[in-house]
1. What is the number of the single condition among (1) within 20 Å of residue 21 (Cα to Cα); (2) part of a loop (DSSP other than H, G, I, E, B) that residue 54 does not meet?
2. Collect the residues in the range 20-36 that are assigned to a strand (DSSP E or B), among the hydrophobic types (A, V, I, L, M, F, W, C) and within 14 Å of residue 51 (Cβ to Cβ), keeping them in residue-number order.
3. Working only within the range 1-12, note down all residues that are open to solvent by 70 Å² or more (accessible area, probe 1.4 Å) and either farther than 13 Å from residue 76 by Cα or without any contact (Cβ under 8 Å) to a residue 60 or more places away in the chain (or both).
4. Can you find a residue in the range 15-28 that is surrounded by fewer than 20 Cβ atoms within 10 Å (Cβ to Cβ), under 15 Å from the mean Cα position of the chain (by Cα) and of a type in the set (Asp, Glu)?
5. For the range 64-99, how many residues are out of contact with any helix residue (DSSP H, G or I) (no Cβ under 8 Å at 6 or more places or on another chain), in a helix (DSSP H, G or I) and surrounded by 13 or more Cβ atoms within 10 Å (Cβ to Cβ)?
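The values are calculated or read from the model by the stated rules, or taken from the named source; none is laboratory data. What you see is a predicted model; the values in this text were computed from it and never measured. Cβ atoms come from the backbone with ideal geometry, glycine included; neighbour counts cover every protein chain shown. Remember, those area values only see protein heavy atoms, side chains included, never the ligands or the DNA or RNA. Shrake-Rupley method; radii C 1.70, N 1.55, O 1.52, S 1.80 Å.
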Amino acid sequence: MITPERFEELVVEGIDALPDWVHAAMDNVSVLIEDRPPPGQPGLLGLYHGIPLSKRGSGYTNVLPDTITLYRASIVAYAGPDEGRIRAQVMRTVAHEVAHHFGISDDRLREIDAY
């Protein structure tokens, strides 16, 4: 079983692996790790909550950061016990939720085969 500390390291690796242009464009967003998803959402791997970059206007000021939350137990259950598979799923989930931060919908992610 992967430790919470190792899982956090994998999340940092997943964020660090994003292209430089993504890092430069990301704005006012925090990445969090929770053990389990909210009640009623079993199996949820990650969740973006906030105002996507594509929807922000000139009035977007003095707001709390958006959040990207990764759910450790769900990702580990989905990927299985192999650390390589967990790493790959963390990277995929990070990229998926960052796409939402940029305003890319699930439908669009499906269209471009990136869901």
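1. Just one mismatch for residue 54, condition (2).
2. 29 - this is the single residue of the range 20-36 that is assigned to a strand (DSSP E or B), among the hydrophobic types (A, V, I, L, M, F, W, C) and within 14 Å of residue 51 (Cβ to Cβ).
3. Result: 5, 8, 9, 12.
4. yes
5. 5
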